[in-house]
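Just so it is clear, none of the values below were taken in a lab; they were calculated from the coordinates. These numbers were taken from a predicted model, which means no experiment stands behind them. Counting neighbours? That spans all protein chains shown, and the Cβs are built from the backbone with ideal geometry, glycine included.
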Amino acid sequence: MLSKTGIPAADYPLDMDLKPFESVGHDWMLITAGNGTNRGDWNTMTASWGSFGVFWGKKTVTCVIRPTRHTYGFVEREPLVTFSFFDSSMKNALQVCGSTSGATTDKAAAAGLTPIALEPGAIGFAESRLDLVCRKLYTQDLDPARFLDDAIEANYPNKDYHRMYVCEILRAYPLSVSGCKKGR
Ligand SMILES: Cc1cc2nc3c(=O)[nH]c(=O)nc-3n(C[C@H](O)[C@H](O)[C@H](O)COP(=O)(O)O)c2cc1C
């Protein structure tokens, strides 16, 4: 089993490794949930909307997932969610994971990703530069009645309003610390 060396979030320099706008909005991230590394046990999707910050005194990642995504059911089912960040050389993999569905596509094969089990029961990737294993703290469906800018509605021609997840960062798995990568 491939593994990286995890670090408790409190001991990891998140501010040095992640930039709140660039890391999500420009570089994108993968949102992954599952209970095993075999196909069908997990699913992942690309996201470029979300934020880092502090909620209830905890370091958190907040993301939004439309209920129409195959990943949605996995994130709903699992208590843990992984946010994965990649070097720019892997941008094509994120493009694949953001334009195909795990319901019909073997994303690991199509994107060239190797799923790995991360403590305490999450799924990350051998190829990522950083995996953040997080625990769901809070969910809320975006309510169009509360959009204060009418332009926001244009993002929802199918009325598939996102569900927002606030997730506590439990452990960081940086590739740089473990140096453990498949075949290298
Ligand atoms: C750059 C980019 C950013 C995306 N951001 C989000 C997002 O924040 N939330 C979301 O629900 N879908 C987002 N998507 C769309 C999903 O990644 C896409 O629909 C994916 O195919 C879903 O895969 P799945 O059906 O296997 O879950 C994004 C796609 C791309 C390419």
*May I ask you to list the residues in the stretch 66-123 that are within 9 Å of the ligand (Cβ to nearest atom), within 21 Å of residue 171 (Cβ to Cβ) and among the hydroxyl-bearing types (Ser, Thr, Tyr)?*
71
_Considering only the stretch 144-155, I want to know if a residue exists there that is within 26 Å of residue 13 (Cβ to Cβ) and either surrounded by 14 or more Cβ atoms within 10 Å (Cβ to Cβ) or among the acidic types (Asp, Glu) (or both)._
no
*asked:* Taking the criterion of being of a type outside the set (Gly, Ala, Ser), part of a loop (DSSP other than H, G, I, E, B) and surrounded by 23 or more Cβ atoms within 10 Å (Cβ to Cβ), would at least one residue in the stretch 110-118 satisfy it?
replied: yes
*Residue check, residue 127 against (1) in contact with an Asp or Glu (Cβ under 9 Å, 6 or more places away or on another chain); (2) more than 21 Å from residue 42 (Cβ to Cβ); (3) assigned to a loop (DSSP other than H, G, I, E, B), all met but one. Which one?*
(2)
*Count of the stretch 32-65 residues which are near the ligand (Cβ under 8 Å from one of its atoms), under 15 Å from residue 168 (Cα atoms) and surrounded by 21 or more Cβ atoms within 10 Å (Cβ to Cβ)*: 2
_Residue pairs meeting the criteria (Cβ under 6 Å; at least 6 apart or on separate chains; first over 23 Å from residue 12 (Cβ atoms) and assigned to a strand (DSSP E or B), in the stretch 46-68; second aromatic (Phe, Trp, Tyr) and more than 6 Å from the ligand (Cβ to nearest atom))_ = 65/72
*Provide a single number: the residues in the stretch 22-45 that are in contact with a Gly (Cβ under 6 Å, 6 or more places away or on another chain), under 15 Å from residue 115 (Cβ atoms) and outside any loop (DSSP other than H, G, I, E, B).*
2
*Residue satisfying condition, being more than 12 Å from the ligand (Cβ to nearest atom) and within 20 Å of residue 91 (Cβ to Cβ), within set 14, 18*: 18
